[in-house]
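Here's the structure we're looking at; comments come further down.
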Amino acid sequence: MILPFGLGVGEAAFLAVAFFVAALVRGYSGFGLTALCVSAAGLVTDPLKVVPVVIVADIALTVLQAKGIRNHIDWRRVAALSAGALVGVPMGVSALSGIGIDAARAMIAGFILAMCAILWRGWSFRGPVGDTGHVAVGVVSGISNAAAVGGLPVAAFFTAQGVPAAAFRATLIVYFSLLDLWTVPVMAWNGLIDRETMVAAAMALPALSLGVWLGGRHFLRADPQDFRRLAILLLAGLSVIGLIKAAV
């Protein structure tokens with residue numbers, strides 16, 4: 001069997017485990033899937049090849065998380081963020097489509113590390129945040145989703161506002177699905193999605209689906225805050241390794 005992107009058996013096994021862990025985090029806390037997948041992929045292959053794979057797979061995974069979230073979705077936040085993402089996604093895809101592997105590793109790792117620092121520090125707003133702020137964050141999220149890390153700015157933004165856990169998770173899930181549904185055609189238009197992408201996404205789905213399902217079950221009986229901190233530490237560790245790999 002020929003593996004996508006020239007991966008060896010050991011590299012493919014490493015990614016399968018990494019994707020499963022990333023899906024556990026997503027199912028449990030509502031964010032982190034694509035950022036963890038791309039961070040791990042950057043250690044063994046070109047991370048930009050994996051970006052459309054995890055975005056395509058993430059759309060399918062939304063179905064597994066849709067049950068029970070309807071009453072917790074903040075649709076006004078979703079609408080404002082999505083409006084910004086409509087502008088941001090084409091900007092990000094255009095900027096990242098022509099860079100090299102090491103530059104991609106460094107940019108993605110550096111951005112993730114910065115977002116982890118914000119999430120860990122617990123930065124917060126002192127006053128209310130209006131629609132304009134959400135649209136602006138949506139632009140940043142759209143730009144960064146070209147590297148499949150568009151969820152982190154929104155997660156940091158929600159954390160800074162003290163959004164309750166159930167609304168945090170449900171709103172992110174809906175927004176991510178809309179963000180990905182816009183990112184896929186923009187990437188396809190720029191020639192970043194092909195048959196190999198779809199094959200890789202299909203191969204990744206079993207591990208991702210199992211992880212999201214198990215993570216979702218854990219969420220139902222535990223506070224996600226501790227697990228979210230663990231996810232931040234894991235992301236930060238992968239980012240540091242990615243920066244080192246890009247530099248040597």
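For (1) part of a helix (DSSP H, G or I); (2) exposed (fewer than 14 other Cβ atoms within 10 Å of the Cβ); (3) of a type in the set (S, T, Y), each residue gets a yes or a no:
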{"site": "F111", "(1), (2), (3)": "yes, no, no"}
{"site": "P128", "(1), (2), (3)": "no, yes, no"}
{"site": "G142", "(1), (2), (3)": "yes, no, no"}
{"site": "N145", "(1), (2), (3)": "yes, no, no"}
{"site": "V154", "(1), (2), (3)": "yes, no, no"}
{"site": "T159", "(1), (2), (3)": "yes, no, yes"}
Inset, instruction - Pull up the range 25-37, narrow it to residues that are within 21 Å of L192 (Cβ to Cβ) and modelled with pLDDT under 85, then point me to the one that is most open to solvent (accessible area, probe 1.4 Å). - result: T34
Inset, instruction - For residues that are open to solvent by less than 10 Å² (accessible area, probe 1.4 Å) and of a type in the set (F, W, Y), tally how many sit in the range 162-203. - result: 2
Inset, instruction - Look through A41, A106, A22 and report the one residue that is buried (at least 23 other Cβ atoms within 10 Å of the Cβ) and in contact (Cβ under 8 Å) with a residue 60 or more places away in the chain. - result: A22
Inset, instruction - Read through the list (1) part of a helix (DSSP H, G or I); (2) open to solvent by less than 20 Å² (accessible area, probe 1.4 Å); (3) within 18 Å of A146 (Cβ to Cβ); (4) β-branched (V, I, T), then give the number of the only condition that V87 fails. - result: (2)
Legend entry - In the range 163-194, the residues that are closer than 17 Å to Y28 by Cβ and in a loop (DSSP other than H, G, I, E, B): V163, P164
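The values are calculated or read from the model by the stated rules, or taken from the named source; none is laboratory data. Fair warning: this is a prediction, and the values are worked out from it, not measured in the lab. With ideal geometry, Cβ positions are generated from the backbone for all residues, glycine too; neighbour counts draw on all protein chains shown. When the accessible area is computed, the model is the full protein with side chains, heavy atoms only, and any ligands, DNA or RNA have been set aside. Shrake-Rupley method; radii C 1.70, N 1.55, O 1.52, S 1.80 Å.
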